[in-house]
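All remarks here apply to the structure that follows.
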Amino acid sequence: MAALIDTRILLQKFRGIPSIIPRRNRVKAKWAATRPKFPATGLALQNFDMNYGTQLGELWPSVRVSMLSEQKYGALVNNFAAPEVMRDLEMQGARDFVYIDVSSGEESGTAQEHSQGLPSSVLTSSETLEDTVRPALSPNIKCFLFPRGDISRFRPARPDSCGTLGYYLLDAASVLPVLALDVQEGHTVLDLCAAPGGKTLALLQTLAIRRLAVNDASVSRTARLRRVLQSYVPKELWTEDRVRITSFDGRKWGELERDTFDRVLVDVPCTTDRHSLLEEDNNIFKRIRTKERQKLPLLQTQLLLAGIQAARPGGDVVYSTCTLSQLQNECVVEHAVHLAQEEMGITVHVQDLGPLTRLFRDTFRFAPSIRLGELVLPHLTANFGPIYLCKLHRVS
Ligand SMILES: C[S@@+](CC[C@H](N)C(=O)[O-])C[C@H]1O[C@@H](n2cnc3c(N)ncnc32)[C@H](O)[C@@H]1O
């Protein structure tokens with residue numbers, strides 16, 4: 001019963017201080033009665049301490065405290081809104097990290113150094129990206145951030161005179177998979193797991209896509225994505241012939257439309273580590289969701305394979321997650337590359353993202369020694385991520 005009593009009153013009693021809350025106003029704290037015995041957030045923390053403690057070693061304590069602290073947001077500029085928005089963001093004290101880093105980033109170390117230690121089965125064609133990364137970065141994607149260590153919050157975006165919102169708040173590191181995708185003029189693009197639509201919106205900001213297929217298995221989340229597009233993109237720009245929105249099981253995409261897209265983004269469902277540590281709602285660490293959680297690597301591998309099939313030979317696929325888990329990141333990529341070759345006769349090469357991430361090393365903290373992709377580690381002075389990304393080039 002003690003747990004049902006307001007803790008403030010208990011504390012006051014304990015300290016011998018008379019309660020200042022009149023008896024009639026005292027309420028039993030509701031949370032005490034409804035709080036789960038084993039909160040999913042606590043189970044997530046236990047799980048992470050066990051797994052990431054080993055995986056990240058001495059880096060884990062600082063990543064842990066950052067993930068338990070307030071996340072830092074970026075403001076993705078909406079090119080379809082009135083241009084004053086950038087002045088507004090600058091007035092708030094924020095700067096575009098894509099432009100700043102690309103214009104001032106000095107590359108250190110070579111792609112060769114980065115790719116040392118890769119297994120021969122996943123050869124890296126590093127020089128292609130090394131040579132093209134600067135011109136390839138879309139000049140139209142702009143994401144504003146407050147300076148390192150500055151934890152100010154953005155004001156909510158205001159609609160312009162046409163009702164279009166000027167910016168979209170998101171984890172700035174989630175722009176990296178879209179930049180890595182390297183969308184070029186006239187490309188056809190598939191966003192296989194798209195809702196609620198942050199990366200779809202970033203893809204549209206490139207102003208380069210000829211046809212965009214946007215898919216998410218969840219009907220309710222697809223509806224949310226539509227609402228995002230309605231708020232940010234004038235209707236005439238996402239007509240059916242340019243933007244196709246579907247709610248299919250992405251695992252079956254390879255059966256529907258193979259060898260088609262220039263670029264495919266596979267931003268899979270995962271343990272969403274930050275959410276799992278902080279929110280009970282929709283938490284995948286709830287006991288009742290154990291099986292679903294255990295099956296994630298399988299679902300992720302199937303989705304990545306479908307994405308690889310959907311890409312045309314010569315096309316590129318970016319796989320991304322918002323977890324630190326090796327099982328959901330590197331292991332999934334390795335397994336999918338192997339299965340694509342063995343079971344589908346499709347050869348894919350892992351691309352070296354070192355040249356891209358070196359441009360952004362002043363903005364994000366990247367994990368050392370990631371073999372295939374890149375991993376953004378949360379840090380108190382740059383509290384973005386976790387975001388994992390890996391780029392695959394479909395050869396045949
Ligand atoms: C990490 S979220 C995607 C976030 C999104 N790309 C963004 O930037 O806003 C993963 C999404 O995958 C969807 N999903 C889960 N299983 C799927 C499946 N079999 N096929 C397609 N989408 C799926 C979920 O509904 C969820 O919206």
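The values are calculated or read from the model by the stated rules, or taken from the named source; none is laboratory data. Note that the structure is a prediction, hence the values are computed from the model and not measured. No Cβ is skipped: glycine too gets one built from the backbone with ideal geometry, and neighbour counts run over all protein chains shown. These accessible areas exclude ligands, DNA and RNA; they are computed on the full protein's heavy atoms, side chains included. Shrake-Rupley method; radii C 1.70, N 1.55, O 1.52, S 1.80 Å.
Okay, here's what the table says:
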{"item": "Positions within segment 202-228 being part of a strand (DSSP E or B) and either in contact (Cβ under 8 Å) with a residue 60 or more places away in the chain or among the β-branched types (Val, Ile, Thr) (or both), in sequence order", "result": "VAL214"}
{"item": "Qualifying positions in segment 208-219 - touching a helix residue (DSSP H, G or I) at 6+ places or on another chain (Cβ under 6 Å) and more than 8 Å from the ligand (Cβ to nearest atom)", "result": "VAL214"}
{"item": "Test: residue in segment 377-386 that is in a strand (DSSP E or B), over 13 Å from the mean Cα position of the chain (by Cα) and on the phi > 0 side of the Ramachandran plot", "result": "no"}
{"item": "Residue match in segment 119-137 (condition: touching a helix residue (DSSP H, G or I) at 6+ places or on another chain (Cβ under 7 Å) and modelled with pLDDT of 65 or more)", "result": "yes"}
{"item": "Selection count, segment 72-100, where residues are assigned to a loop (DSSP other than H, G, I, E, B), surrounded by 15 or more Cβ atoms within 10 Å (Cβ to Cβ) and not hydrophobic (A, V, I, L, M, F, W, C)", "result": "4"}
{"item": "Checking THR41 against (1) more than 14 Å from LEU324 (Cα to Cα); (2) at pLDDT 95 or above; (3) exposed (fewer than 15 other Cβ atoms within 10 Å of the Cβ); (4) β-branched (Val, Ile, Thr), the condition it does not meet", "result": "(3)"}
{"item": "Selection within segment 285-297 - in a loop (DSSP other than H, G, I, E, B) and either in contact with a Pro (Cβ under 6 Å, 6 or more places away or on another chain) or touching a residue at least 40 places away in the same chain (Cβ under 8 Å) (or both)", "result": "PHE285, LYS286"}
{"item": "Selection count where residues are aromatic (Phe, Trp, Tyr) and open to solvent by 40 Å² or more (accessible area, probe 1.4 Å), scope segment 367-396", "result": "0"}
{"item": "Top-ranked residue in segment 298-336 [being within 15 Å of the ligand (Cβ to nearest atom), in a loop (DSSP other than H, G, I, E, B) and polar (S, T, N, Q); ranked as surrounded by the most Cβ atoms within 10 Å (Cβ to Cβ)]", "result": "ASN329"}
{"item": "Among residues of segment 229-284, those that are within 15 Å of the ligand (Cβ to nearest atom), touching a residue at least 60 places away in the same chain (Cβ under 8 Å), in a strand (DSSP E or B) and open to solvent by 10 Å² or more (accessible area, probe 1.4 Å), counted", "result": "2"}
{"item": "Set PRO156, PRO177: member being modelled with pLDDT of 90 or more, within 12 Å of the ligand (Cβ to nearest atom) and either acidic (Asp, Glu) or over 18 Å from THR239 (Cα atoms) (or both)", "result": "PRO177"}
{"item": "Residue list for segment 182-207, restricted to those being away from the ligand (no atom under 12 Å from the Cβ), open to solvent by less than 10 Å² (accessible area, probe 1.4 Å) and among the hydrophobic types (A, V, I, L, M, F, W, C)", "result": "VAL189"}
